[in-house]
Amino acid sequence: MNDTTRPALLYLVHRIPYPPNKGDKIRSFNLLKHLAERYRIHLGAFVDDPHDWRYREDVARLCESTCLLPLRPPLAKLASLRGFMDGRPLSEPYYDSRSMRQWVRRILDQGVERVLIFSSAMAQYLRPEDHAGRRVVVDFVDVDSDKWRQYAASHRFPMNRIYARESRRLLAFERRVASLTDAGAFVSEQEAALFRTLAPESAGRIHAIDNGVDVDYFSPEREYPRPYGVGEQHLVFTGAMDYWANVDAVCWFAREVFPLVRLDHPDARFTIVGARPAREVKQLEQIDGVQVTGAVKDVRPYLTHAEAAVAPLRIARGIQNKVLEAMAMGKPVLVTPQALDGLRACEGLEWPVSEDPVTLARLACDVLSGNLSPGLGRLGRACVCEHYSWAEHMERFVTLLESP
């Protein structure tokens with residue numbers, strides 16, 4: 001990527017944007033891929049999963065230069081405790097690195113005039129004076145401070161106090177970042193509207209930029225090997241299984257909803273597909289009919305051969321990629337209201353939605369019995385094909401970066 005006719009861009013990401021196998025990395029990778037067509041990218045990111053080092057060349061091919069630094073979560077959690085002493089949100093020292101700071105200084109000293117920050121924690125690498133003469137855009141993705149507020153409401157002492165503090169301090173940090181940058185983006189209009197109310201002083205610079213789906217890759221028209229037993233009926237959840245909101249979702253569904261489903265469909269299966277399953281998730285296999293796969297090479301076979309996907313999230317921010325991908329595969333998706341936050345309304349698409357265990361179990365039974373509208377999956381795919389194009393949405397970042 002040495003085409004000097006292209007302008008340079010500093011792209012700071014809290015986690016290496018590859019492989020695109022979880023929510024934030026799906027967005028940050030598609031953003032990198034799109035921007036690489038227009039800019040000479042200088043990428044600074046952390047690698048918090050040792051397995052991801054194998055992809056450094058895949059990322060480097062899209063960039064003029066990279067600074068990829070190891071981040072060890074246990075040590076980063078210890079480092080984050082500095083926030084209690086100096087008043088910062090814990091998320092800020094978690095991603096603090098002298099080496100990253102020095103690399104950013106070298107890149108900025110080369111006269112780079114455009115900066116894109118992915119996740120507010122990476123904004124700490126720009127000093128207030130670094131904004132002068134540069135176009136700086138931050139992709140907040142979600143209102144993370146509100147996520148911590150939700151965590152506080154669902155936990156007991158002392159974690160509820162810690163999470164509530166993080167929500168307050170992180171919101172103050174997000175507001176400061178938004179006030180310094182030229183534009184801020186969120187993954188949905190709902191997220192953007194929420195932040196405008198929380199940071200009214202920056203409301204005019206806040207934009208909603210949706211996620212997308214690769215509808216050619218997530219296509220029901222392809223042939224996929226069946227990963228399930230013959231004659232089995234499966235409800236499937238896909239997602240990173242070390243993420244607390246996902247852990248909470250599958251534990252609630254497996255314990256409160258799925259046993260009610262098994263009363264009418266004793267051969268039904270609930271399959272949990274995703275890397276790094278937490279201990280609580282692994283223990284769910286003690287429940288009859290629950291299967292935990294761990295990491296898989298391809299989630300598409302698990303989606304295409306399931307009767308439905310489930311997204312029983314009780315804590316959620318932004319758009320759920322797991323829902324968009326299942327829709328693209330033409331599968332009905334059983335959801336809680338929280339999982340629909342951020343999704344566009346599509347004509348004729350009526351979601352099987354409830355946060356009541358009995359009602360959600362009844363909807364699951366309707367799917368397994370073939371009583372749910374057979375056109376639901378078709379309408380879902382039509383919706384993502386019409387409204388969730390990566391190229392269209394990512395081009396809006398170019399517009400923000402090039403605005404005067």
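The values are calculated or read from the model by the stated rules, or taken from the named source; none is laboratory data. Small disclaimer: the values here were computed from a predicted structure and weren't measured. Every residue, glycine among them, receives a Cβ derived from its backbone with ideal geometry; neighbour counts consider all protein chains shown.
Tabulated data for the structure shown
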quantity: Qualifying positions in the stretch 91-120 - outside any helix (DSSP H, G or I) and surrounded by 13 or more Cβ atoms within 10 Å (Cβ to Cβ); calculated: Tyr95, Asp96, Ser97, Val112, Glu113, Arg114, Val115, Leu116, Ile117, Phe118, Ser119
quantity: Filtered residue count, the stretch 350-397, keeping only those that are surrounded by 17 or more Cβ atoms within 10 Å (Cβ to Cβ) and under 30 Å from Gly133 (Cβ atoms); calculated: 3
quantity: Filtered residues of the stretch 41-75 (kept if buried (at least 19 other Cβ atoms within 10 Å of the Cβ) and in a helix (DSSP H, G or I)); calculated: Asp52, Val59
quantity: Selection count where residues are within 15 Å of the chain's Cα centre (by Cα) and either buried (at least 24 other Cβ atoms within 10 Å of the Cβ) or assigned by TED's automatic domain parsing to the domain that holds Val187 (or both), scope the stretch 327-341; calculated: 1
quantity: Among the candidates Asp86, Asp58, residue that is farther than 25 Å from Trp244 by Cβ, without any contact (Cβ under 8 Å) to a residue 40 or more places away in the chain and charged (D, E, K, R); calculated: Asp86
quantity: Hits in the stretch 141-157 (condition: farther than 22 Å from Arg38 by Cβ and within 21 Å of the chain's Cα centre (by Cα)); calculated: Asp142, Val143, Asp144, Ser145, Asp146, Lys147, Trp148, Arg149, Gln150, Tyr151, Ala152, Ser154
quantity: Complete set of residues in the stretch 183-217 that are at pLDDT 95 or above and either assigned to a loop (DSSP other than H, G, I, E, B) or aliphatic (A, V, I, L, M) (or both); calculated: Ala183, Ala185, Ala192, Ala193, Leu194, Leu198, Ala199, Ala203, Ile206, Ala208, Ile209
quantity: Restricting the stretch 152-165 to residues that are part of a helix (DSSP H, G or I) and touching a Lys or Arg at 6+ places or on another chain (Cβ under 9 Å), the residue that is surrounded by the most Cβ atoms within 10 Å (Cβ to Cβ); calculated: Tyr163
quantity: Condition met for Gly133 (in contact with an Asp or Glu (Cβ under 9 Å, 6 or more places away or on another chain), surrounded by fewer than 17 Cβ atoms within 10 Å (Cβ to Cβ) and farther than 21 Å from Arg27 by Cβ); calculated: yes
quantity: Residue satisfying all of: in the stretch 261-277; of a type in the set (A, V, I, L, M) and modelled with pLDDT of 95 or more; nearest to Ala295 (Cα to Cα) among these; calculated: Val273
quantity: Residue within the stretch 346-365 that is charged (D, E, K, R), in a helix (DSSP H, G or I), at pLDDT 95 or above and within 20 Å of Ala268 (Cβ to Cβ) present; calculated: yes
quantity: Counted residues, the stretch 254-278 - those being within 21 Å of Asp242 (Cα to Cα), without any contact (Cβ under 8 Å) to a residue 60 or more places away in the chain, surrounded by 15 or more Cβ atoms within 10 Å (Cβ to Cβ) and not aliphatic (A, V, I, L, M); calculated: 4
quantity: Extreme residue, farthest from Leu324 (Cα to Cα), among residues of the stretch 270-305 that are in a loop (DSSP other than H, G, I, E, B) and of a type in the set (Val, Ile, Thr); calculated: Ile287
